Amino acid sequence: MPAARDGRNSREASGPTPQYVEALHALPLMSRSQAQRLMAVLAHPDDESLAIGGALARYAAEGVEIHVVTATRGERGRYFSNENRPSDAEVGRVREGELRAAARELGVSDVTLLGYHDGELAQADSLEAIARIVDALRHARPEVVVTFDPFGAYGHPDHVAICQLTTAAVTAAADAELGATSGLAAHRVSKLYYFVSTPAKWAAYQAAFKTLVSRVGGEERLAVPWPEWSVTTRVDTREHWQTAWRAVRRHQTQLAVYRQLGELTPEHHEALWGTQTFYRVFSLVDAGRGLETDLFAGLRGPRSATHLETSHEPEALR
Ligand SMILES: [Zn+2]
């Protein structure tokens, strides 16, 4: 069992407070607050730019350490016009280069590729995939994790799979008895988010280039909008849409699809990248009950530190 790096077991729960609540309040959530960390766990090169480029650029600009984990190299995706298409391995190599270039535009600290086959993530050994994501989480130790929603935005099987695998990995990473062979200490993520698109966002997005469709087993899957009321977090990324757009353009192999994006008005770009919306799956910090405007709400400033240090002293419970 890995050493308890944070001493979270040093307090005994007692009194009327449920043991779980006591344990949460004992967590030293602010102990590594010098640089806050966000991890995005995604399926393909370009997901980081197209889906959440604005948010990644904003948080990187604010000094947050950004980690991107991408499950596949997208080797079965488009390759320019698809004429004279090289081997899948070569497509994957080129797309990995594009991903890394886009990540540099966004200010991402590091990119980890899990190396799964494009289009086959749902068939991968799920326990092995979860273990790889657990390792990435325990290595980077992010407070905030972002991934696809359970519909995979528009039913793409890789997107659906990475949502399920990441959700499981966030739980498993906190369990010190799981995956002890990696030698990395358990890590408890404070907040997990799915990025989601409202009907208005999907309309702007699909008007900009094309209607997204996944074809699975003879069935067509279209975009799945989340109702406005279900959005828990709305992040203003207006000042960063140009950075997101520069990152998108690093995916040169894909630009035949995105060509129309180059002709959009600044207003349309802002509608696409100027706000990013999320569904908070869970939060282990108190960020209030209103609509969040920050993925790190509850993790910043003296309020949460004071709250965690003083509100559940053991003496008060006896
Ligand atoms: Zn994708």
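Every number here is computed from the coordinates shown, using simple stated rules; none is lab data. Small disclaimer: the values here were computed from a predicted structure and weren't measured. Cβ sites come from the backbone with ideal geometry, for glycine too, and all protein chains shown count toward neighbours.
Subtracting the Cα-Cα distance of residue 182 and residue 252 from their residue separation scaled by 0.36 nm leaves 21.5 nm.
Packing around the peptides 275-284, 256-265, taken as the average count of other Cβ atoms within 10 Å per residue, puts them in this order, highest first: 275-284, 256-265. For residue 239 and residue 80, a Förster radius of 30 Å and the Cβ-Cβ distance give a FRET efficiency of 0.40, rounded to the nearest 0.05. Taking 17 Å as the cut-off, the amide N atoms of the range 192-217 that come nearer than this to a point 7 Å along the Cα-to-beta-carbon line of residue 260 belong to 200-214. Using C-alpha pairs below 8 Å separated by at least 6 residues, the relative contact order for the range 34-284 is 25 percent.
Between residue 219 and residue 35, the modelled labels are 4.4 nm apart [label points 7 Å from Cα along Cα→Cβ]. Highest mean packing first, where packing is the average number of other Cβ atoms within 10 Å per residue, the peptides 36-47, 134-145 line up as 36-47, 134-145. With each label modelled as a point 7 angstrom along the Cα→C-beta vector, the residue 210-residue 174 pair spans 4.0 nm. If I take R0 = 25 Å and measure r between the Cβ atoms of residue 200 and residue 61 in this structure, what FRET efficiency does the formula 1/(1 + (r/R0)^6) give, to the nearest 0.05? The computed FRET efficiency comes out at 0.50. Provide the net charge surrounding residue 201, with neighbours chosen by a C-beta distance below 11 Å and charges set as Lys +1, Arg +1, Asp -1, Glu -1. That sum, taken over residues with Cβ under 11 Å, equals 0.
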